[in-house]
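Here is the structure we will look at.
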Amino acid sequence: MNISKKAENTAPSETLAISAKCKELKNQGLDVVNLSVGEPDFDTPQHIKDAAISAINKGFTKYTDASGILELKEAIAKKLLEDNGLKYEPQQIVVSSGAKHSIYNSLLALCDPGDEVLIPTPYWVSYCEMVKLAGGIPVVLPTDEDTLKLTPQDLEKAVSSKTKGIILNSPQNPAGIVYSEDELLGLAVVIKEKGLWVISDEVYERFVYDGNKHISIATLIPDQTIVINGTSKTYSMTGWRIGYTAGNINVIKAISRIQSQTTSNPCSISQYAAIAAITGQQECVNEMRVEFDKRRRFMADRLNNIHGLSCKMPEGAFYLFCNIKALSLSSEEFSARLLEKAQVAVVPGKAFGTEGFIRISYATSLPCLEKAGDRIQEAVKSL
Ligand SMILES: Cc1ncc(COP(=O)(O)O)c(C=O)c1O
């Protein structure tokens, strides 16, 4: 029996593969420092866990409305208004099993076979594969070599008669890039003129540093934007699987139909936990941000003091995108040697469509980052 072409053409997630490799090495007794992880290392805050326990005890353990419970959609609508200045009715929101699921559903709702979806580099590992699975064609857009940001000129050049939309991610994984309002305005002008959709992935919105501000492109072109967000990163709830989509009512209805025939509702218990997360105290998020900020500064400084490596101070998320071009090794080769020689796991830039870099996650404790810094320094000396 043959598997489908679709399945054959889907690459495995490189980041998940590296995490699996780390676990294997740890099981063999090796002291691996894993800097490849894409999730906060903090525990889910207690009040969120308590809300889940209470939901179980109250018997909220059955199917819910396939697109999510009204109370959660109302909480999301209020959050989008207060935090992002975006006005949505609860019917314009659908809750899914993680932001990844929200993005995939949005692509299923928007792509006809052969439609092109623009994806600026460096990009999050899953975008291209999800576009392909949805029947579209991912078109990778090179960005400015220095800033790694997409310019309106480059965007305009890339638009063809087949272009359906673009995926924008700010704050961004892997380089921690945050687009300013002016930069978004430049892109929005082109997107509006060309009549494209934007899937705006905003899952790292609360992790911005140095006075930078997260702006949603939906404030500029609301009718053409599909906002994606979730609770995984903000509240350290990666395992709970809650993401959401807000946008044009027809797109949301289409996503709800797709979801109702495929996965049905996201976990009922997690939905009640998400209400507590979104409507509860936000000090827990600020505490995580302050801690990430300390680590960001420490690790950027540490890497910049290693001969042959250089990295820009990221403005958001919890990753450093470290330039290794001076070492004359491919990002895969360098990452493999680092794991082998120094037991430090990082993700090669190639996985994000950008050679010459490695991604280092600082969602791990300062002592681990210190240990990793020492080991990387030694390993680079003996390459
Ligand atoms: C840019 C980006 N979008 C979406 C996701 C997926 O988040 P979720 O856990 O909500 O599916 C991730 C997770 O790594 C991410 O980095």
Condition set among the aliphatic types (A, V, I, L, M) and part of a strand (DSSP E or B), scope the range 107-130, selection surrounded by the most Cβ atoms within 10 Å (Cβ to Cβ): answer is Val117
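Of these, Lys132, Lys100, Lys149, which one is within 26 Å of Ile269 (Cβ to Cβ) and in contact (Cβ under 8 Å) with a residue 12 or more places away in the chain?
Result: Lys100 is the single residue among Lys132, Lys100, Lys149 that is within 26 Å of Ile269 (Cβ to Cβ) and in contact (Cβ under 8 Å) with a residue 12 or more places away in the chain.
If I ask for residues that are among the aliphatic types (A, V, I, L, M) and surrounded by fewer than 22 Cβ atoms within 10 Å (Cβ to Cβ), which ones from the range 220-234 would you list? Explain how you work it out, then say what you get.
Of the residues in the range 220-234, the ones among the aliphatic types (A, V, I, L, M) are 220-221, 226-228.
Leu220, Ile221, listed by residue number.
Is it the case that some residue within the range 156-166 is farther than 17 Å from Leu86 by Cβ and either within 14 Å of the ligand (Cβ to nearest atom) or without any contact (Cβ under 8 Å) to a residue 12 or more places away in the chain (or both)?
The answer is yes, given that some residue of the range 156-166 is farther than 17 Å from Leu86 by Cβ and either within 14 Å of the ligand (Cβ to nearest atom) or without any contact (Cβ under 8 Å) to a residue 12 or more places away in the chain (or both).
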Of the candidates Ile252, Ile242, Ile199, Ile217, the one satisfying the condition of being in contact with a Cys (Cβ under 9 Å, 6 or more places away or on another chain) and either assigned by TED's automatic domain parsing to the domain that holds Phe318 or buried (at least 20 other Cβ atoms within 10 Å of the Cβ) (or both) is Ile242
### Any chance Gln261 is over 30 Å from Leu369 (Cβ atoms) and buried (at least 20 other Cβ atoms within 10 Å of the Cβ)
no
By residue number, the members of the range 72-96 that are over 23 Å from Val178 (Cα atoms) and either crowded, with 22+ Cβ neighbours inside 10 Å or in contact with a helix residue (DSSP H, G or I) (Cβ under 6 Å, 6 or more places away or on another chain) (or both) are Leu72, Lys73, Glu74, Ala75, Ala77, Tyr88, Pro90, Gln92, Ile93, Val94, Val95, Ser96
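The values are calculated or read from the model by the stated rules, or taken from the named source; none is laboratory data. Here the structure is a predicted model, which is why all the values come from computation and not from measurement. FYI the Cβ positions are ideal-geometry reconstructions off the backbone, even for glycines, and counts take in every protein chain you see.
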